[in-house]
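Every number here is computed from the coordinates shown, using simple stated rules; none is lab data. Note that the coordinates shown come from a computational prediction; the quantities given were computed from them, not determined experimentally. So basically every Cβ, Gly included, is an ideal-geometry build from the backbone, and we count neighbours across all protein chains shown.
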Amino acid sequence: MADLEIRLPDDFHVHLRQGQAMAAYVARTAAHFGRFLAMPNVVPPLSTAGSLADYRLAVTAAVAAAGFDAEPVMCFKLLPGMGRDAVFACAAAGAKAGKYYPAGATTNSSDGIADPGSVSDELDAMEAAGLVLSVHAEDPRSPALEREAAFLPVVDRMVAHHRGLRIVVEHLSTAAAVDAVKLWPERVSATISAHHLAFTIDDMMGDRLDPSYFCRPVLKGARDREALVQAATAGSPRFFFGSDSAPHPPAAKAAGSAGCYSSPVAMSLLAAVFEAAGRLDRLEAFVSENGARFYGLPYNTGKLGLSRSPWTVPSELDGVTPLAAGRLLAWTAARL
Ligand code: DOR
Ligand code: ZN
């Protein structure tokens with residue numbers, strides 16, 4: 001018997017990559033999540049109806065091979081100049097969201113958006129099609145720890161100019177971003193990752209440098225982390241879970257790639273964070289309800305069990321150093 005049973009969660013932000021490695025990453029996600037928003041920053045990017053359809057097939061086949069009942073939610077990459085028709089074609093191909101990457105902000109984003117005004121028509125089309133705008137809210141021209149705060153005015157302008165557009169500010173990392181989300185209208189919400197809730201910059205570089213904790217936005221300090229925990233556990237429907245699980249094999253990590261492979265440990269970390277906040281009762285809303293409601297999807301029908309059964313995170317999973325490698329985690333997650 002699990003100590004806690006919750007409705008099967010959704011992960012509204014995950015990088016499943018492409019090619020051979022994808023199968024293992026998909027299996028990790030499907031083990032704990034009934035649905036997952038698959039990020040489009042593969043090469044070439046998922047920016048056409050055809051590429052979305054192909055990617056959905058590949059992911060669905062990997063889910064089936066892993067033996068789980070789970071489904072991808074599709075997201076295209078918004079590219080400057082892609083045009084309104086391409087946006088409508090992505091919507092017709094089943095996309096629920098389009099992802100805004102500022103040019104150069106993170107992995108495979110050199111083709112992203114340098115001038116926010118350059119995608120104004122596309123944002124209008126997304127609004128008309130009822131698509132969610134998913135935003136990597138960082139200005140890569142700002143200092144590493146200030147990039148999120150520097151981008152908030154850009155989100156503010158999009159909120160003001162596109163008055164019916166639903167927006168998700170992804171992977172919040174600062175108290176300033178939490179405060180901004182609360183001030184925007186209800187059609188704006190935000191995801192928070194397990195690593196931004198559980199760790200700070202000191203886990204990455206306080207003692208020795210540990211690249212498995214290096215992600216974008218970079219982990220911040222204790223006060224920011226506390227604001228994120230407060231937002232996630234307060235019971236507000238505006239905040240929900242997106243793992244931003246972003247596996248990079250050792251060679252890519254050694255070359256400086258940003259991303260935490262968090263899928264295998266995210267639910268264990270979240271249970272510990274919510275328990276420490278005295279709010280285990282609100283975990284289900286954060287991982288299984290708020291995001292589904294925002295995306296207009298029915299709740300999952302399956303169940304996830306969480307047990308107080310400690311385990312040590314292996315040093316390697318699926319050819320990647322996972323987040324929290326070597327740590328003893330108090331909670332174990334498994335589908336029921
Ligand atoms: O750390 C990150 N890694 N942040 C992102 O936004 C993208 C991701 C990746 O794709 O590697
Ligand atoms: Zn991401």
Is at least one residue of the stretch 23-39 within 16 Å of ligand 1 (Cβ to nearest atom), of a type in the set (Lys, Arg), in contact (Cβ under 8 Å) with a residue 60 or more places away in the chain and out of contact with any Pro (no Cβ under 6 Å at 6 or more places or on another chain)? no
Search result, residues across the stretch 295-330 that are on the phi > 0 side of the Ramachandran plot and either in a strand (DSSP E or B) or among the hydrophobic types (A, V, I, L, M, F, W, C) (or both): Ala324
Starting from the stretch 89-113, keep only residues that are among the β-branched types (Val, Ile, Thr), then list their pairs with residues that are away from ligand 1 (no atom under 16 Å from the Cβ) whose Cβ atoms are within a distance under 6 Å, requiring at least 6 positions of separation or different chains. Ile113/Pro80; Ile113/Val119
Of everything in the stretch 111-136, what is touching a Pro at 6+ places or on another chain (Cβ under 8 Å) and within 16 Å of ligand 2 (Cβ to nearest atom)? Give them in sequence order. Asp111, Gly112, Ile113, His136
If the Cβ limit is 6 Å and pairs must be 6+ apart or interchain, which residue in the stretch 205-217 that is in contact (Cβ under 8 Å) with a residue 12 or more places away in the chain pairs with which residue that is assigned to a helix (DSSP H, G or I)? Pro211/Lys253; Tyr213/Asp203; Tyr213/Met204; Phe214/Met204; Pro217/Glu148
Inter-residue pairs, beta-carbon under 7 Å, first closer than 14 Å to Ala232 by Cβ and more than 15 Å from ligand 2 (Cβ to nearest atom) and in the stretch 160-181, second part of a helix (DSSP H, G or I) and among the basic types (Lys, Arg), 6+ apart: Ala175/Arg223
Would you tally the residues in the stretch 213-251 being among the small types (Gly, Ala, Ser), within 11 Å of ligand 1 (Cβ to nearest atom) and not in a loop (DSSP other than H, G, I, E, B)? 1
Pro322 being free of Cβ contacts under 8 Å to residues at least 12 places away in the same chain, within 30 Å of Asp210 (Cα to Cα) and either of a type outside the set (S, T, N, Q) or buried (at least 18 other Cβ atoms within 10 Å of the Cβ) (or both): no
When Met82 is evaluated against the numbered criteria (1) away from ligand 1 (no atom under 16 Å from the Cβ); (2) of a type in the set (A, V, I, L, M, F, W, C); (3) more than 24 Å from Phe286 (Cβ to Cβ); (4) under 16 Å from the mean Cα position of the chain (by Cα), which criterion, by number, is the only one it fails? (4)
